[in-house]
Every structure is written in C-alpha cells, then in structure tokens.
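K.L.:
Before we start, here is the structure in question, set down as structure tokens.
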Amino acid sequence: MTLKRVVQYSRIGTKLMMSRTKKETWPISVSFHVTKKCNLKCKHCYAVLDTIKEPELTIEQILSVIDELYNHGTLSIRLLGGEPLVRKELPEIIKKVKSKGMFCELVTNGTLLRKRIGQWPELKKLDSVCVSLDGDKILHDSIRGKGTFNRTIDGMYALIETGIPVRLHGALAADSFADNHEPHKSLAQLSAKYRIPFNIATYCPNPFKNSDDNANRESFKMSSQVYRDLLELKKKGVMITTTKHILEKGVDWFNYTDKYILYGHTDNLPPGHKLCQAGITNCFINSDGGMYSCIPRWAKGLNVIHDGVKESYEYMIKMRKIDNCLLCYNLAQWEYSSFFNFADPRLLFNMSKNIFRLLHHKRH
Ligand SMILES: C[S@@+](CC[C@H](N)C(=O)[O-])C[C@H]1O[C@@H](n2cnc3c(N)ncnc32)[C@H](O)[C@@H]1O
Ligand code: SF4
C-alpha cells in the first residue's frame, strides 16, 4: 500500500468517526447509477433499465451532485448503472470523486474492462473495482448472455495486470442452483486461484414485480446453505469479505422468519440485529437523479436535480419512517449498518482486513 493511500484512508476513517458524533445524519456512502445504458441484459437485474423514461443526468449535473454530496460529508462513492463503462464521461466522474479524496469503487460486468483500461488511464485511480461474476461459465452465461464469462474473466486479468484493486461479487438468480450449480463454490475456486476477495449476495426481489417474487423463493431459501458453506470455506482461509459473525446471522435468519423484508408494525428483528441504515447513512442515486435507499426501493424517491440533494435526502428518511421497514435479507447492508452503528469491533477489523487484501492482491 502506498503512503498516499494510507494517508487517504486514515483521513476517511477519522472523518467517519467524527461524522458519527454529529447529531444530523447524511449518506456517508452513495451508490451512483451513472448511466441507464447497458451492453448486457441479465436475467436477474434489479435495475429494470427499460422502465427508466427520464433522461440520464448530464455530466455537469453529475459533477455538481458529487460536489454537493462531498460538501455535506459523503466519504465514499460507488459508480454503477446500467454498465458504467459505457458512459463516455466516466473518466471525468472518477477524476472528480478522487479530487475530493473520497473512496471510489466501480461496479462492472467486466466485459469492457480490457478495452477501457487501454483508453482511460483514470481507471487506475480507482480504489476498488467490483467485478460481477455469478458462477461458473455455464451458469454465468445463462444469466448474463453467451460469451460473457470469458470476457469478464479477461477483464479481471486486465485489472490484475494493471495493479487495479479488484474484488468479485456474485449475485444469486432464480435458477442459480439448477443442474447442480453451486455458484458460491465456483467463486471460491476462482478467488483461491487468483487470490482475489469475493462475496455472495442473495437475489433481491425486483421491486417492479411482486415483492414476494415467487420464482426466486428457491434461490432465497438456498441462501442459508450458501452462507453455511461460506463459513466453512472462510475457516479454511478462502478470502470471503463478509464477516464471520454476519455470515452466521445469514444462516440463522430462517430460524426466525422466511420473509425477505421485515416491517416494524408486524415483525420482530431476529436477536442481535441492528436497524438497517439504508436511506440514512447510505443510499443510491439513479441515472435520472432519483434518490432511493436500497434495492427493494429501487427508483422510488425525489430527484436530486429537480428537488435538490438535501430535500431528496430528507424525503428518503421520512419514507423510511413511514414504511417502518426494519431489515431485509441483504448481508452487505447488514455489515454496513452494523459497522455504522459501531455495533461490533470485529467489523472494523474485518473492514481493515478487506481494504488491505484489496490493495495487496498478488499479480499473475
Ligand atoms: C445493477 S448492477 C450495475 C453494475 C454492472 N452493470 C454489473 O452488472 O455489475 C450492480 C450489481 O447488482 C447486482 N444485481 C443485479 N440484480 C440483482 C438482484 N436482483 N439482486 C441482487 N443483486 C443484483 C449485479 O450482479 C451487480 O453486481
Ligand atoms: S450488466 Fe449489470 S446493469 Fe446490465 S443488465 Fe446485467 S446486472 Fe443489470
């Protein structure tokens, strides 16, 4: 890790601690959909891109929103979409985020990485690139399209060769376990081979379909076994970014409920869980400027350009209270929420370990 990065992360860490002593809240971490365009059409995608009728934000609007987020205290920006690598102004966006000293992660399907790394030197400024990989070649191609696995793996190689920090992220889809596929084990093998950290996300019901999304009950129920397996693999030293203690909660969830989302007026939190922070200290901004708290509330909210960033944030908090949503089965969000509630020192240790691993992956 370079001295510059150590100073940068120490500054972010200090600001983070200070932000938690303040009374007012603000999204410390923002996931920004910088485009609604995508070069793929994945079966499981929550961002139902063809339903977004509004135009994308202009580059000037995106840069000014980033300025405003930073001025209010945002410390980390994750760039996603659609596919962020199709947006021609992505280098300008990365430059802006990094010029503010914020942590910047790109989430990508990876298929355009090799080409873009050659074209855009700004990609080397990224603190992390999260490459989406949903299982072995057959499974990944069945979800994301023929030939995508090879192109994504090639993108991952390009990151390794260039020394850009990389992690893998697998999302479960409705039929991820059909034909004896075990997506989490495929990712574990790749992770061990290339010494790259990874995690697995449960399929999140698409907010434009029935929220129960029956087609995915099977995949949802399998999550408990997936997290049980990940606990075993983690014991053997496989680089899984999720904390042991959060994986244990993921296994335990089904002992209390079989629902994906719990609401305050009807449900109780399983023991040891903290109130979800989505829409409070983290949130999403859609490609048209809509601010929303989390994937189950995708595309719902005020618009940061038409209504203002602060106003959209205040509305989002109000909606969280009205909906009275407590928690959903999203382990990455649990980890984030527990961390920002300073619930457990093990999370701070785990996060430091993940950043260290991310920046120290071996080159092949
Ligand atoms: C919407 S994509 C946008 C970035 C990029 N196009 C990609 O595929 O990585 C962001 C992340 O959400 C994940 N994702 C998509 N649909 C999902 C769903 N229904 N449940 C959980 N994760 C999902 C993707 O696998 C990806 O890692
Ligand atoms: S590549 Fe990403 S944004 Fe595009 S359809 Fe797939 S999951 Fe959705």
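K.L.:
Grab the DSSP H runs of the chain that are 4 residues or longer, score each as -39,500 (n - 2.57), total them, divide by all residues and round the 222 nm result to the nearest 500 deg cm²/dmol.
P.N.:
-13000 deg cm²/dmol
K.L.:
Take the chain, connect every pair of alpha-carbon atoms lying under 10 Å apart with a spring to form a Gaussian network, then pick out the residue of Ile164, Ile62, Ile12 with the largest mean-square fluctuation.
P.N.:
Between Ile164, Ile62, Ile12, it is Ile12 that shows the largest mean-square fluctuation.
K.L.:
Oh, and also: Cut-off 10 angstrom, C-alpha nodes, Gaussian network model of the chain. Which of Ser186, Ser29, Ser352 fluctuates the most?
P.N.:
Of Ser186, Ser29, Ser352, the Gaussian network model singles out Ser352 as fluctuating most.
K.L.:
Shifting gears a bit: What number, in percent, do you get for the relative contact order of the chain if the mean sequence gap of Cα pairs under 8 Å and at least 6 apart is divided by its residue count?
P.N.:
Contact order relative to length: 18 percent.
K.L.:
Need the full-extension length gain, Asp67 to Ile322, defined as separation in residues times 0.36 nm minus the C-alpha distance. One decimal, nm.
P.N.:
88.8 nm is the gain from fully extending Asp67 to Ile322.
K.L.:
Sequence gap at least 6, Cα distance under 8 Å: using those rules, report the relative contact order of segment 1-101 to the nearest whole percent.
P.N.:
Details: 88 pairs, mean separation 42.0, N = 101.
Once normalised by length, the contact order is 42 percent.
K.L.:
Determine which lysines satisfy two conditions relative to Lys125: a Cα distance under 22 Å, and not lying fewer than 8 residues away in the same chain.
P.N.:
Within the straight-line cut-off, Lys125 pairs with Lys4, Lys15, Lys88, Lys95, Lys96, Lys98, Lys100, Lys115, Lys353, Lys362.
K.L.:
Using a Gaussian network for the chain with springs between C-alpha atoms less than 10 Å apart, which of these wobbles most: Leu90, Leu16, Leu159?
P.N.:
Leu16
K.L.:
Treating cross-link reach as a plain straight distance, find the aspartates and glutamates whose alpha-carbon is under 16 Å from the alpha-carbon of Lys318, omitting any fewer than eight places away in the same chain.
P.N.:
Of all the aspartates and glutamates, those that pass the test against Lys318 - Cα under 16 Å, at least 8 places apart if same chain - are Glu24, Asp307.
K.L.:
Hey, another quick one. Quick one: which residues, 5+ away or cross-chain, put their amide H under 5 Å from the amide H of Glu105? H built at 1.01 Å from N.
P.N.:
Amide H to amide H, under 5 Å and 5 or more residues apart or across chains, Glu105 pairs with Ile77, Arg78, Leu79.
K.L.:
Here's something else I'd like to know. Report the net charge of residues surrounding Lys98, where surrounding means a beta-carbon distance below 15 angstrom and charges are Lys +1, Arg +1, Asp -1, Glu -1.
P.N.:
+3
K.L.:
Near Lys53, which lysines are there with a Cα under 16 Å away, not counting those fewer than 8 places off in the same chain?
P.N.:
The reachable lysines, counting only those whose Cα sits under 16 Å from Lys53, are Lys36, Lys37, Lys300.
K.L.:
Still on this structure: Above 29 angstrom, tally the Cα pairs of the chain and express them as a % of all pairs, no decimals.
P.N.:
Every Cα pair in the chain considered, those over 29 Å come to 37 percent.
K.L.:
Say each of Asn150 and Lys4 gets a label point 7 Å from the Cα, pointing the same way as Cα to Cβ; how far apart are those two points in nm?
P.N.:
Between Asn150 and Lys4, the label points sit 3.7 nm apart.
K.L.:
What nm value, rounded to one decimal, do you get for the distance between Ser352 and Phe254 when each label is placed 7 Å out toward the C-beta?
P.N.:
3.6 nm
K.L.:
Once the other residues with Cβ under 9 Å from the Cβ of Asn150 are scored (Lys, Arg +1; Asp, Glu -1), what is the net sum?
P.N.:
Computed value for this residue: 0.
A short reminder: the numbers here are calculations on the coordinates, not readings from a lab. Note that the structure is a prediction, hence the values are computed from the model and not measured. All Cβ positions, even for glycine, are placed from backbone atoms using ideal geometry, and neighbour counts span all protein chains on display.
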